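Before any comments, here is the structure.
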Amino acid sequence: MIFLVISLVGALREVSNKAHNADLKLFLEIEFGQDLHLIPPPDKSKEDILLFFKLYDPYKEELRYVGRLFVKSSSKPIEILTKLNELAGFASDEEIELFEEIKFEPSVMCERLDKRASFWFNQIEDGDIICFQKKHLPESEENLRFPDVPSFLEYVKNRQKWCMLSNFCGTIKAF
């Protein structure tokens, strides 16, 4: 089993190098049961899709990974809102907004999801990243620099690091 994983990682590295991208970053999430034994991933049917979830906090200007779920492509985002609220530590009935993080390079593409349409209709596929945040009133958004996920991703994409000769470093937004 370990040999198979190493072989697959090697194949990924080879593809990455051919794409002239020397960095290969992998994320491995494992789950332990109460007895500290590994819990294998659930069996996956053809209709199951694995989604990764990130939570955006516009007050902290922070986007962080909160978990993953297997869902049916025919199911609807509205059916997992309680679970997403649980992952975020929100009340189970907290109203949240969902966005698909489609791409970051060469330009940011992040679109709001229709919670009442199926994942299939929203064009959500295996391995996609869904970002979510608490729904805010329009008047409260006036005090936020980046009130939603798309505006925050644009900021992250466009900010640039700078250093002065005195070894003082910081971040500025590119115009």
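Points to keep in mind about this one:
- Using all pairs of distinct alpha-carbon atoms, the Kirkwood hydrodynamic radius of region 30-160 works out to 15.9 angstrom.
- Euclidean distance of C-alpha centroids, region 84-118 and region 128-146, integer Å: 10 Å
- Excluding ligands, DNA and RNA, the accessible surface per residue across region 60-99 is 53 Å² with a 1.4 Å probe.
- What a 1.4 Å probe finds exposed on region 45-104 is 49% carbon and sulfur by accessible area, rounded to a whole percent.
- Accessible-area ranking of Lys115, Lys60, largest first, probe 1.4 Å: Lys60, Lys115
- Counting only protein heavy atoms and using a 1.4 Å probe, the accessible area of Arg112 comes to about 140 Å².
- Per-residue SASA remark: Glu94, around 60 Å² accessible (1.4 Å probe; ligands, DNA and RNA not included).
- Histogram of C-alpha separations across region 75-147, 10 Å bin width, %: 18, 45, 32, 5
The values are calculated or read from the model by the stated rules, or taken from the named source; none is laboratory data. Since the model is a prediction, treat every value here as computed from it, not as a measurement. Accessible surface is based on the protein model in full, side chains and every heavy atom, while ligands, DNA and RNA are left aside. Shrake-Rupley method; radii C 1.70, N 1.55, O 1.52, S 1.80 Å.
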